[in-house]
Each structure stands twice: as structure tokens, then as C-alpha cells.
1. Using θ = phi - 60° and the Karplus form 6.51 cos²θ - 1.76 cosθ + 1.60, what ³J(HN,Hα) does each residue of segment 107-114 get, whole Hz, x for Gly and Pro?
2. Could you work out the relative contact order of the chain, using alpha carbon pairs under 8 angstrom and six or more residues apart, expressed as a whole percent?
3. Which semi-axis lengths, in whole Å and largest first, follow from the square roots of five times the eigenvalues of the Cα gyration tensor of segment 77-230?
4. Within 10 Å of each residue's Cβ, count the other Cβ atoms and sort ARG286, ARG299 from fewest upward.
5. Give the distance, in whole Å, between the Cα centre of segment 112-174 and the Cα centre of segment 19-87.
6. What are the ³J(HN,Hα) couplings of segment 209-216, residue after residue, when phi is run through the Karplus curve with 6.51, -1.76, 1.60 and θ = phi - 60°? Round to Hz, x for glycine and proline.
7. Just GLY85, GLY93, GLY49 to compare: in a GNM of the chain, with alpha carbon springs under 10 Å, which one fluctuates most?
8. For segment 186-303, what's the relative contact order in percent, using C-alpha pairs closer than 8 Å and at least 6 residues apart?
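Derivation of every value follows stated rules applied to the coordinates shown; laboratory data play no part. Computed from a predicted model, the values in this text were never measured in an experiment. Neighbour counts are summed over all protein chains in view; Cβ atoms, including those assigned to glycine, are modelled from backbone coordinates with ideal geometry.
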Amino acid sequence: MLIIFLMLPFVFNRALAIEIVIFALAAIAFDLLLGYTGIMMFCQASFFGSAAYITGLLIHHFQPNIFLCMIAGMAGAAILSLLFGYLGTLRAGSYCVLLTLAFNEMVFFIAYQWKTLTGGSDGLRDIPRPHLQIPGIADIDLFSETRFYFFALFFFILAFILIRKITESPFGKVLQGIRENEKRAEAIGYNAQWFKILAFVIGGTFMGLAGSLYCMFMNFVDITNVAFDTSGKILMMELIGGLGTLFGPILGAGVVSLASDIAAAYWERWLLVLGAMFVAFVLFARGGIWGMIQSLRDRIETP
């Protein structure tokens, strides 16, 4: 995976490579919730977009250190995910799904109406890409897309390692137990609601990191960053790639981003292509791309 990512900006358009890395980060963060904990939600865009707005506002008005902007964006996403996680987990199943959808629509409405802060439908513009300043060590201009790609890749790899450690830890095993049988997990003494809230906060924080990087990459924050479109895009990447695998969502992010880029260049109704692809995977490849790879490997290894 590392070799592929190191080659990516030299094989594809650098802007597309950056988008793949950022949405791969958002997808593996969401995988912790849906794939490992079994929580279906539609407020991914709230965490992604709120961090993008916070980061953008700080850069636009104050231009502090790049790491302070990112930490502030992640903190905002963490607080929002704690609130939404607590309220959402008060109900289960379809009620939780509808609550998270309603929360996302509230965030979208606030961003749309608060034009003096967010720019409304025009978005938050004129956000310069800050320098990577490490006092006494380096002052790197990230205006180059190649440099910014490797900057984003560093945080993606760091996030991947941390999320993988979480899923393999006792805490991660409890999350998987809740996914398989929540009542049994509670019967042996685990507070399922608090474990799910913690999963919300961890996943939301990493989605906030993705949103901060996306804001700096695009140099503006569009209203669609907090819209249902972004939540649906991350969900599509997750399901196409494969649930509960971490590697699957990365493949899903690559396939969806690449298919969108190619289809948009040739057909104005390119969303139909994505829709058809999504339906095909849901109906005929429930394990996603990673599940297909594992099935093929098992067939080859079986004598």
C-alpha cells in the first residue's frame, strides 16, 4: 500500500492523488464506526465540513501555525461528534440513522444561513495554503501540489497506524463484539452506549483531520463539505471498498475518486455511472473490492 501511495502522484494527476489520500483517510475513520462498531450514520459531512470551516476561518483571519489550525479543526469535529454520538446512541437502528441525518441537515442549514461567517452558498474563499513551519528546523512552502501530497500522506499513514492499533486492541474487540451482538456485550458488563460514543469521537476526530487537509488543499470551503453529498460519498467509498477491513475503504476511495474524475471528463451525467457502480457492488459484491480480493486469494490457496 505504501509503495502504491508513493507512486500515486507520479502516475495520476497530483490533485486527484491528493483527493484520494484525503478521502481514504475519511473512509477508514468511518470504517471504525460502520465496519467495526456497526453504527450506520449520515453525519460524516458534519465532522468533515466543520473541521474544514474551523481550519479555513483560522487561516483566513489569523494565519497561525498550520498544526494549530489542524488541531483546532480536529477538536471542533471531536466536540461535535461527542454531542451527536451521545444523542444518536440514545436510540438504535433506523432511529439512530434518522437522528444523524437530521443533525447533518442542521449543520448544513447553519452553514448555509450564517453567511457572515461561512460565506453561505458561496463558500469560504481566499484561504491561502499555509507554510509548514517547524521552529528552528524547517519552513516549507506547501503551495506545490507534490509537497502537499506528501504532507497529507504523512497524516494518512499516521492515522492508519493509529486506527489499526485501535481495532486490534481490546477496545477494538469490544467494538466488534457490540457490532455482532450488542445485548450480549451488555450482558457481560460492557456499557455499549459509551463504547459507541467513544467510537463516534475517535472516528469524528479523524474525519475532522481529513476535512482540515481538504480545506488547505482546495484553498476554500464549499457548502457541499457539510452537505449530505459528502456523507453519501464517504459511505459509497466504504461499501464499494469493503466493510471492516481498513484496506477496503482505501481501495473504495481510490476507485470512486478515479471513476468520478474520468466519468466527469466525458459525460455531464457522470453521477449515473457512480450510482450504477454502487448498486452493482451492493447487489453482487457485498464484501466490496477487498472481499473479492480475499475470495480470489482463498480460491488460489485452496488445493
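1. 5, 4, 5, 4, 5, 6, 8, 7
2. 33 percent
3. 33, 24, 10
4. ARG299, ARG286
5. 10 Å
6. 4, 4, x, 4, 5, 5, 4, 5
7. Between GLY85, GLY93, GLY49, it is GLY93 that shows the largest mean-square fluctuation.
8. Computed over segment 186-303, the figure is 21 percent.
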